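Heads up, the thing below is written out as structure tokens.
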There are 2 protein chains.
Amino acid sequence: MLDGLFRPRSVAVVGASNNPFSIGNIVIRNLAAHGFKGPIFPINPKERAIRSFKCFKSVLDVPDEVDLVNISVNYNLVPGVLTECGKKGVKFCIVHTAGFKEVGAEGIKREREMVALAHSLGMRIFGPNSQGIQNSDPEVSVYANFTFVPMKPGNISVIAQGGGMGELLKLHLHKAGLGHRLYCSYGNEADLTMPELLAYYGEDPGTKAIMMQIESFKDPAAFLEVASRITPRKPILAIKAGRTREGSVAVSSHTGTLVDQAAMATALFRKAGVVEFSDSEQMIKTGIALSTQDPPKGNRIGMITNTGGPGIQMTDESVDRGLVLAKWSEAGYQKLKASLYAEASLGNPVDVVATGGPEHYQAAVETLLAEEGVDMVLVFFVTAPFVNLDEIAKRIREAVSKSKKPVAMVVETIPEYGRLIELLRGAGLPVYEFAEDGARSLAAMWRHTKLAARPREEPPALPVDRAAAEAIVARYSGKNAYLTQADAFAVLAAYGVPVPRLAVVPGPDGLATAARAVGFPCVLKVDAADVVHKSDEGGVVLDIGDPETLAAAYRTMHDRFAARGARFLLMEQKAPGREVIVGVSESPGLGSLVMFGLGGVFVEVMRDVAFAVAPLSRPEAREMMAETKGYRILTGMRGQAGVDLEALEELVLRVSRLAADFPAIVEMDLNPVFAYPKGTAPAAVDVRMKVR
Amino acid sequence: MLDGLFRPRSVAVVGASNNPFSIGNIVIRNLAAHGFKGPIFPINPKERAIRSFKCFKSVLDVPDEVDLVNISVNYNLVPGVLTECGKKGVKFCIVHTAGFKEVGAEGIKREREMVALAHSLGMRIFGPNSQGIQNSDPEVSVYANFTFVPMKPGNISVIAQGGGMGELLKLHLHKAGLGHRLYCSYGNEADLTMPELLAYYGEDPGTKAIMMQIESFKDPAAFLEVASRITPRKPILAIKAGRTREGSVAVSSHTGTLVDQAAMATALFRKAGVVEFSDSEQMIKTGIALSTQDPPKGNRIGMITNTGGPGIQMTDESVDRGLVLAKWSEAGYQKLKASLYAEASLGNPVDVVATGGPEHYQAAVETLLAEEGVDMVLVFFVTAPFVNLDEIAKRIREAVSKSKKPVAMVVETIPEYGRLIELLRGAGLPVYEFAEDGARSLAAMWRHTKLAARPREEPPALPVDRAAAEAIVARYSGKNAYLTQADAFAVLAAYGVPVPRLAVVPGPDGLATAARAVGFPCVLKVDAADVVHKSDEGGVVLDIGDPETLAAAYRTMHDRFAARGARFLLMEQKAPGREVIVGVSESPGLGSLVMFGLGGVFVEVMRDVAFAVAPLSRPEAREMMAETKGYRILTGMRGQAGVDLEALEELVLRVSRLAADFPAIVEMDLNPVFAYPKGTAPAAVDVRMKVR
């Protein structure tokens, strides 16, 4: 439990000074200005008082228990301070001080030693190189942080790796007249981890929704586990920074080429049920809506406007973002007709026209909210000189008070009429400046609803021969090398992935035995680590129909490759099927990703592939497959038969289980997999597999 | 010239009253409040004075010349007012009054009669059902409009079909501390057209850039012509409202299915060099930048920040939007190193760190602007408690004053520090709240630069036999019918589009003659309007190699289709080539669009097609082709040969010329066209063509 960090009964500030630009001074100012409920103890051997708080030479001199200590002394002094804190029985230290991991090898050592020291003293470290924490709960009101945005109670909690982004999120909640609940920007994450902090947010009763900014995942598995537990109950909105960073590209592998950081974070967020954003503004505006509105139960939007153009913009944006325009019941239509001007539009959006007044807005909002077919309402209002603005706000307030459905407002007005916006915000309505923002925010709330409602299944138990795979993988461990084809197929086979019959050809004498095992027609392949593009180099002979052709093919290939120490493989020739590619790539910090797509132009030209984090549940496997545009071909279209999707899903699940069981398999490409019509198992006819 | 409208020396307001909520009263208030330079004449037979301006019974009583009249009387009274205006020698009337085209047939008639009357009196009508016009030029200062956003001089001009959207554009220029130049929202566009108004904006010396909102194009050709003339000199930013409206879909034709309103407007804007937006907020924010900054000469962005996270957001957004991260020269790098703190990041973005002060920002901005490899600069600043904000603004101001390159600022601060933003805006800098907005606005300015710099060529002169095509098309004119295959191929051939050799089969006796003309192998096809999916219905026999097979195929097909009055066609069997689809669809109000894409999965599954407005120039044809993802296949990839792109371009140009010459051809599908390797002409092997 992190109550000692987020609900401290007292705070000491080590490194406080009377320099108003020093971190310690600012932390004391923030604590005092926001009415921290416990005592504040500045620690500085040279001062009598700081900001009128009695100053102590050491935390050991404080005549009270100390729960939390903010430390901003030079890094050389930190160990001494920690030792004193340990003696005092302090449980949590926020280390603002920089000069640790972020400065390289020496700092990393310093950081490790600091954490070890803290643990030996029974303490946890927040940071170092960190901002600090805040909790606006009036029972605590702790602002143990040196930033500048004022704090007031709210119900959105913020957790940001980057301090500037964290501040931005707070700032815009503040500008919208809202507060926040918990806040932290955790810096180097040396000890207390982001997932630990997130778990605390999840349990905090005052937190309705969580906004996150993440620059890198230190422990993606822990994040996944914690976030997955929270998202069915509370929305998590997140940005992964750096989506265009060009990672290193493994040219020899499709999977390596196509996986990028953005795809990986997206897969992780989806699995965890987190609503992902790339744009900070859109995330914040959604957070603003979630502060006062519940997520919609469905995706049918009802819209109201008093002028056409913005109504069209709302419509376009809603449809683009996956919302559906609601239709009214006959009773609803008649109620609108009876309540509005003759020239009003009664469709969706309802246009009450520019002269529409308070009673028209009230009737329209009430009617739409009462409709069973409406899940959310978006109201646009451009202030007209003809209309009583206070009354508009009052009537809209009355109308929304009768419903639990989410409502967003867009108000187009000059700053002089700002009171209207205050009145609407006072009624708990999110108020935006642009029609599109309202539609986007409601649509993002719907994304949460959908994610929270997804079937959550465990990855299925699959009968696999893990020991057999282990025995092969172990032989390559530590070599960062590709498996031979024979070994790679054997690993797949151990996991129940259908592969062609195959046999290693020990030499010309073994041809007949191998051919008996495999049968005709068959394929002769070179199997050597340094022959990457086998076909291009003449290392594959297809459609071998009899022993004589096989012998001739073997001689040719032997002459070509034997000098390079190559081995040879005889494989069953599979009938051509629909080409699919299934890949795996392991990303340090994110785990193993499974990739799926159709082969040929789909992958090479269109890059039409989807990713998911291994191991997959059945719904996740099907969702990933269905996400590709080429999926329509697999289901059958234009009179062409589809493929056996259940069998293909089973293959994907087994590959994902293999990837999850062996993180050392850093790269795997089943390319192509042949998929066949219903009733015929697919087959991986070529494979590349690399072990770290 | 529209000087009488936008630079009137006097304005009369017919329908003025002392009701402060009446349009006439508000127009007088707006004119007077904004210091209109000429006299204002209220016209109302029942009043002595309105807002202290002497009131006249009729415009004929005004003791002065009248350039412009605002009319808001009931529509029944409009003709009488116009007649008096005509006698008075008025040249322009703004008709606010509603009750015309927008109310249906009777209103359309009323509108036509009104325009005819005005023309007979030598007058032009603006509207009806319109807001009005504004011109902030201090020599005129005319606010002949009933809206509420205050006017001050600026250099962005706004032209909006929807009044609400026009007001929104003005409003946000105002909120950003900027004014605007010309403004109009033109309502029903009964007489004065949007292209006429736009042409005037283009010539206005005080207009630096133009923002537009368009709901429907009344005369797309005129718009294209006018906008194309303006965009090389002044940026035009535009939104076409209603991009998701589901148009009617012609199920029988790929082109009809794939063309939508959004694609059509996009093609039109691109041809005209207009920078298109779907989001009103992004357009406005770009307009704000253009008000004080020149578009960049290139796409290399240099960025400065004092905190990491927003720097990443700027980077991501810049790269996503097609900007390139600039690299500094060694001298620039050294200058940054010498000027900034040791812990600063000297790459792109430059991170001056949170304690970076005025001199650091000045040095960074100056250095980046002086770099030859930098075309634009984006500066992020989160206010830190350590820094003198006024001094920051002053130093950045100094730094930017030395360069003509565009600079955008993003400032993250609380409203209490608003003075900083005012100071920066006072220096002509656009200031945004979100990192992404800065990047998006600079990127949109770059889009303008690119569009303005495109090669502008006339569509090439192509030798075609227009008369031959005309003779065939004329036979179908007015029938809204599909051409027979034979006729459709003949029209293509008349325009030099390569088609297979073909012959109509008059009956079993003509088979031999037809076969001699076409040669073997050949294809026998049914040619009947009601056989839409010929292959599916057994109406195509391929690969006929000899007279006997031909005779048998003819008998079978005759038995199947003769009862339906079908005719039969014998065609040369072309060797299979790379399948391409070229289509044309005519959209009322937008002209003929040419569609291009690869056949098969590219069009059916991926909808990977591009559109352009006919007739195409050579660069436009190539640009359209290159826009499809499948284009990479046409150029050759992965060791596979490409196709003859010049020959394919020629075919596209000829189709586009045909579409432009015959707007009555409302639909055309060349599907497939076989494209062949260099040196071999492509061939349209199937065609559907429909004439209105």
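The values are calculated or read from the model by the stated rules, or taken from the named source; none is laboratory data. All of these numbers come straight from a predicted model, not from anything done at the bench. All Cβ positions, even for glycine, are placed from backbone atoms using ideal geometry, and neighbour counts span all protein chains on display.
Please specify each residue of the stretch B:269-288 satisfying the condition of being within 9 Å of the chain's Cα centre (by Cα) and either of a type in the set (Val, Ile, Thr) or outside any helix (DSSP H, G or I) (or both).
B:GLY273, B:VAL274, B:VAL275, B:GLU276, B:PHE277
Exactly one of (1) within 22 Å of B:LEU369 (Cβ to Cβ); (2) outside any helix (DSSP H, G or I) is unmet by B:ALA384. Its number?
So the condition that B:ALA384 fails would be (1).
Only one of these is buried (at least 21 other Cβ atoms within 10 Å of the Cβ) and either more than 14 Å from chain B (Cβ to nearest Cβ) or at pLDDT below 95 (or both): A:GLY177, A:GLY206, A:GLY164, A:GLY202. Name it.
A:GLY164
Give the stretch A:298-314 a look and list any residue that's touching a residue at least 60 places away in the same chain (Cβ under 8 Å) and either within 7 Å of chain B (Cβ to nearest Cβ) or β-branched (Val, Ile, Thr) (or both), or say none.
A:ILE301, A:ILE304, A:THR305, A:THR307, A:PRO310, A:GLN313
Kindly provide the set of residues from the stretch A:24-53 that are in contact with a strand residue (DSSP E or B) (Cβ under 8 Å, 6 or more places away or on another chain) and aliphatic (A, V, I, L, M), ordered by number.
Those that are in contact with a strand residue (DSSP E or B) (Cβ under 8 Å, 6 or more places away or on another chain) and aliphatic (A, V, I, L, M): A:VAL27, A:ILE28, A:LEU31, A:ALA32, A:ALA33, A:ILE40, A:ILE43, A:ALA49, A:ILE50.
From the list B:VAL499, B:VAL491, which one is more than 14 Å from every other protein chain (Cβ to nearest Cβ), modelled with pLDDT of 95 or more, more than 33 Å from the chain's Cα centre (by Cα) and surrounded by 14 or more Cβ atoms within 10 Å (Cβ to Cβ)? It would help to see each step written out before you state the result.
On the way: B:VAL491 fails: more than 33 Å from the chain's Cα centre (by Cα).
Being more than 14 Å from every other protein chain (Cβ to nearest Cβ), modelled with pLDDT of 95 or more, more than 33 Å from the chain's Cα centre (by Cα) and surrounded by 14 or more Cβ atoms within 10 Å (Cβ to Cβ) holds for just one of B:VAL499, B:VAL491, which is B:VAL499.
How many residues, within the stretch A:586-613, are more than 14 Å from chain B (Cβ to nearest Cβ), among the small types (Gly, Ala, Ser) and closer than 24 Å to A:PRO500 by Cβ?
The number of residues fulfilling the criteria is 0.
Kindly establish whether B:THR367 is polar (S, T, N, Q), assigned to a helix (DSSP H, G or I) and within 12 Å of chain A (Cβ to nearest Cβ).
No: the conditions fail for B:THR367.
When you check B:LEU169 against the structure, is it assigned to a helix (DSSP H, G or I) and either of a type in the set (Gly, Ala, Ser) or within 14 Å of another protein chain (Cβ to nearest Cβ) (or both), yes or no?
It is true that B:LEU169 is assigned to a helix (DSSP H, G or I) and either of a type in the set (Gly, Ala, Ser) or within 14 Å of another protein chain (Cβ to nearest Cβ) (or both).
Could you please give the count of residues in the stretch B:415-459 that are surrounded by 14 or more Cβ atoms within 10 Å (Cβ to Cβ), among the aliphatic types (A, V, I, L, M) and either away from every other protein chain (no Cβ under 14 Å) or farther than 18 Å from B:LYS285 by Cβ (or both)?
Final tally of qualifying residues: 11.
Going through the stretch A:145-161 one residue at a time, which ones are more than 24 Å from B:TYR432 (Cβ to Cβ), part of a loop (DSSP other than H, G, I, E, B) and either away from chain B (no Cβ under 11 Å) or free of Cβ contacts under 8 Å to residues at least 40 places away in the same chain (or both)?
Of everything in the stretch A:145-161, those that are more than 24 Å from B:TYR432 (Cβ to Cβ), part of a loop (DSSP other than H, G, I, E, B) and either away from chain B (no Cβ under 11 Å) or free of Cβ contacts under 8 Å to residues at least 40 places away in the same chain (or both) turn out to be A:ASN145, A:MET151, A:LYS152, A:GLY154, A:ASN155.
Looking at the stretch A:677-692, which of its residues are of a type outside the set (Lys, Arg) and either farther than 15 Å from A:GLU649 by Cβ or surrounded by fewer than 24 Cβ atoms within 10 Å (Cβ to Cβ) (or both)?
A:PRO677, A:GLY679, A:THR680, A:ALA681, A:ALA683, A:VAL685, A:ASP686, A:VAL687, A:MET689, A:VAL691
Rundown of residues vs (1) among the basic types (Lys, Arg); (2) under 21 Å from B:THR355 (Cβ atoms); (3) free of Cβ contacts under 8 Å to residues at least 12 places away in the same chain, yes/no style:
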{"residue": "A:LYS37", "(1), (2), (3)": "yes, no, no"}
{"residue": "A:ILE40", "(1), (2), (3)": "no, no, no"}
{"residue": "A:PRO45", "(1), (2), (3)": "no, no, no"}
{"residue": "A:ARG51", "(1), (2), (3)": "yes, no, no"}
{"residue": "A:PHE56", "(1), (2), (3)": "no, no, no"}
{"residue": "A:VAL59", "(1), (2), (3)": "no, no, no"}
{"residue": "A:ASP64", "(1), (2), (3)": "no, no, no"}
{"residue": "A:ASN70", "(1), (2), (3)": "no, yes, no"}
{"residue": "A:ASN76", "(1), (2), (3)": "no, yes, yes"}
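Quick check on B:PRO672: is it under 30 Å from B:SER477 (Cβ atoms) and in a loop (DSSP other than H, G, I, E, B)?
Judged against the criteria, B:PRO672 is not a match.
Check the stretch A:108-129 and report whether any residue there is within 14 Å of chain B (Cβ to nearest Cβ), over 22 Å from A:ILE239 (Cα atoms) and at pLDDT 95 or above.
Checked the stretch A:108-129: no residue is within 14 Å of chain B (Cβ to nearest Cβ), over 22 Å from A:ILE239 (Cα atoms) and at pLDDT 95 or above.
Can you tell me which residue in the stretch B:380-412 is farthest from B:MET303 (Cα to Cα), limited to those that are within 14 Å of chain A (Cβ to nearest Cβ) and either touching a residue at least 60 places away in the same chain (Cβ under 8 Å) or touching a Lys or Arg at 6+ places or on another chain (Cβ under 6 Å) (or both)?
Among residues in the stretch B:380-412 that are within 14 Å of chain A (Cβ to nearest Cβ) and either touching a residue at least 60 places away in the same chain (Cβ under 8 Å) or touching a Lys or Arg at 6+ places or on another chain (Cβ under 6 Å) (or both), the one farthest from B:MET303 (Cα to Cα) is B:ALA384.
Can you give me the ranges of the strands (runs of 3 or more DSSP E) entirely in the stretch A:1-109 with at least 3 residues that are β-branched (Val, Ile, Thr)?
On the way: elements: A:11-14, A:40-43, A:68-71, A:92-95.
Once the strands (runs of 3 or more DSSP E) in the stretch A:1-109 are filtered for at least 3 residues that are β-branched (Val, Ile, Thr), what remains is A:11-14.
Quickly run through the stretch B:315-350 and pick out the residues that are within 14 Å of chain A (Cβ to nearest Cβ), in a helix (DSSP H, G or I) and among the aliphatic types (A, V, I, L, M).
Residue satisfying the conditions is B:VAL319 alone.
Given the conditions (1) surrounded by fewer than 19 Cβ atoms within 10 Å (Cβ to Cβ); (2) within 14 Å of chain A (Cβ to nearest Cβ); (3) closer than 27 Å to B:CYS522 by Cα, report the number of the one that B:ALA563 does not fulfil.
(2)
Does B:ALA241 meet the test of being under 29 Å from A:PRO349 (Cβ atoms) and not assigned by TED's automatic domain parsing to the domain that holds B:PHE21?
The answer is yes for B:ALA241.
Condition first: of a type outside the set (Asp, Glu), in a loop (DSSP other than H, G, I, E, B) and closer than 28 Å to B:GLY599 by Cα. Now tell me which residues in the stretch A:598-626 satisfy that.
Listed by number, the residues that qualify are A:GLY599, A:GLY600, A:VAL605, A:MET606, A:ARG607.
Since B:LYS170 meets every condition but one in (1) of a type in the set (D, E, K, R); (2) crowded, with 24+ Cβ neighbours inside 10 Å; (3) in the same structural domain as B:ILE71 (by TED's automatic domain parsing), which condition does it not meet?
For B:LYS170, the failing item is (3).
Kindly list the number of the only condition in (1) closer than 30 Å to A:HIS174 by Cα; (2) under 32 Å from the mean Cα position of the chain (by Cα); (3) basic (Lys, Arg) that fails for A:ARG51.
For A:ARG51, the exception is condition (2).
Taking the criterion of being in a loop (DSSP other than H, G, I, E, B), within 14 Å of chain B (Cβ to nearest Cβ) and either charged (D, E, K, R) or within 24 Å of the chain's Cα centre (by Cα) (or both), would at least one residue in the stretch A:658-668 satisfy it?
No, every residue in the stretch A:658-668 fails to be in a loop (DSSP other than H, G, I, E, B), within 14 Å of chain B (Cβ to nearest Cβ) and either charged (D, E, K, R) or within 24 Å of the chain's Cα centre (by Cα) (or both).
Would you check if there is a residue in the stretch A:437-455 being assigned to a loop (DSSP other than H, G, I, E, B), out of contact with any Lys or Arg (no Cβ under 8 Å at 6 or more places or on another chain) and not polar (S, T, N, Q)? Please lay out each step first, then the result.
Within the stretch A:437-455, the subset assigned to a loop (DSSP other than H, G, I, E, B) is A:454-455.
Those still in the list that are out of contact with any Lys or Arg (no Cβ under 8 Å at 6 or more places or on another chain) too: A:454-455.
In the following step, the residues that additionally are not polar (S, T, N, Q) were identified as A:454-455.
So far as the stretch A:437-455 goes, yes, one or more of its residues are assigned to a loop (DSSP other than H, G, I, E, B), out of contact with any Lys or Arg (no Cβ under 8 Å at 6 or more places or on another chain) and not polar (S, T, N, Q).
Within the stretch B:614-627, is there a residue that is of a type in the set (Asp, Glu), surrounded by 23 or more Cβ atoms within 10 Å (Cβ to Cβ) and in the same structural domain as B:LEU648 (by TED's automatic domain parsing)?
So the first thing to find is which residues in the stretch B:614-627 are of a type in the set (Asp, Glu), and the list is B:620, B:623, B:627.
When the remaining residues are screened for being surrounded by 23 or more Cβ atoms within 10 Å (Cβ to Cβ), the result is B:620.
Keeping just the survivors that are in the same structural domain as B:LEU648 (by TED's automatic domain parsing) gives B:620.
Scanning the stretch B:614-627, I find at least one residue that is of a type in the set (Asp, Glu), surrounded by 23 or more Cβ atoms within 10 Å (Cβ to Cβ) and in the same structural domain as B:LEU648 (by TED's automatic domain parsing), so the answer is yes.
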